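Contents: one structure, followed by commentary.
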Amino acid sequence: MSIVQIEKIENDPQEFLYRFPDITAVEYHKMQQEFTFWKTVQIAERVAKISGLLLVPRACIHWERKSKFDPERRIIIKKRVFYLISETEMTEIEKSKYHDFNELFPNFLSYKKLVDKKAKPSDV
């Protein structure tokens with residue numbers, strides 16, 4: 001189970017500069033930010049998996065329980081907070097929120113995609 005959606009990291013925005021030279025700097029910057037954020041989350045998730053823990057977003061944990069966790073188990077990635085928690089420490093509600101994270105929070109950090117807006121099958 002991963003909180004990183006595959007479509008968030010499958011297209012590296014650096015290719016878009018070549019394919020779409022008229023892209024604005026702001027659009028490119030936002031896409032690059034989103035890509036690097038999700039890549040960093042993916043790496044943090046792999047490290048958590050190696051240590052036998054889950055990388056749980058702050059949105060999945062109750063606010064009172066967040067204050068009880070050790071600050072060393074908190075990871076901040078671009079102003080988003082994640083906690084390293086074992087599955088046995090999680091409550092049933094937290095587990096269900098974690099497993100349904102992509103459906104509950106589809107716009108956790110999303111910008112308009114250039115692929116959706118500009119690229120059409122006939123253009124590629």
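The values are calculated or read from the model by the stated rules, or taken from the named source; none is laboratory data. Worth saying up front: this structure is predicted, and the values here are computed from it rather than measured. Quick reminder, even Gly has a Cβ in these numbers, built from the backbone with ideal geometry, and neighbours come from all protein chains shown. All accessible areas refer to the heavy atoms of the entire protein, side chains included, with ligands and DNA or RNA removed. Shrake-Rupley method; radii C 1.70, N 1.55, O 1.52, S 1.80 Å.
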TODO: Look at the stretch 89-124 and say how many of its residues are open to solvent by less than 100 Å² (accessible area, probe 1.4 Å) and at pLDDT below 50.
DONE: 7
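Is it true that some residue in the stretch 19-32 is among the small types (Gly, Ala, Ser) and either farther than 22 Å from Glu103 by Cα or in contact with a Cys (Cβ under 9 Å, 6 or more places away or on another chain) (or both)?
Taking every residue of the stretch 19-32 in turn, at least one turns out to be among the small types (Gly, Ala, Ser) and either farther than 22 Å from Glu103 by Cα or in contact with a Cys (Cβ under 9 Å, 6 or more places away or on another chain) (or both).
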